[in-house]
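Note sheet for the following structure.
The values are calculated or read from the model by the stated rules, or taken from the named source; none is laboratory data. Just so we're clear, the structure is a prediction, and the values are computed from it rather than from any experiment. For neighbour counting, all protein chains shown are included, and Cβ atoms are generated from backbone atoms with ideal geometry for every residue, glycine included. With ligands, DNA and RNA removed, areas are computed over all heavy atoms of the protein, side chains included. Shrake-Rupley method; radii C 1.70, N 1.55, O 1.52, S 1.80 Å.
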Amino acid sequence: MAPKKLFKIGEVMKYSGLSRQTIHNYTMMGLIRETELTQSGHRLYGEDVFDRLRKIEMLKAHLNP
């Protein structure tokens, strides 16, 4: 079985359209979680982060019509 892809924060930004600060805030608030940390302390996110970010943005849209 092939390992799942892990995404650096820049890749999450690129594919989600969200800013680095937004992703950082969501991580600090516990809305999303990094899957791993590199030896240098960089966050790596799993493939599931994109579904989670879509759900968060959808809920935000319903709160601010």
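Results, tabulated for the structure shown:
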item	result
Test: residue in the stretch 15-32 that is at pLDDT below 95, assigned to a loop (DSSP other than H, G, I, E, B) and of a type outside the set (Ser, Thr, Tyr)	no
Matching residues, the stretch 50-65, being open to solvent by less than 100 Å² (accessible area, probe 1.4 Å) and either polar (S, T, N, Q) or in contact with a Phe, Trp or Tyr (Cβ under 7 Å, 6 or more places away or on another chain) (or both)	Phe50, Ile56
In the stretch 34-48, residue most open to solvent (accessible area, probe 1.4 Å) [restricted to those that are without any contact (Cβ under 8 Å) to a residue 24 or more places away in the chain and either more than 15 Å from Gly10 (Cα to Cα) or touching a Phe, Trp or Tyr at 6+ places or on another chain (Cβ under 6 Å) (or both)]	Gln39
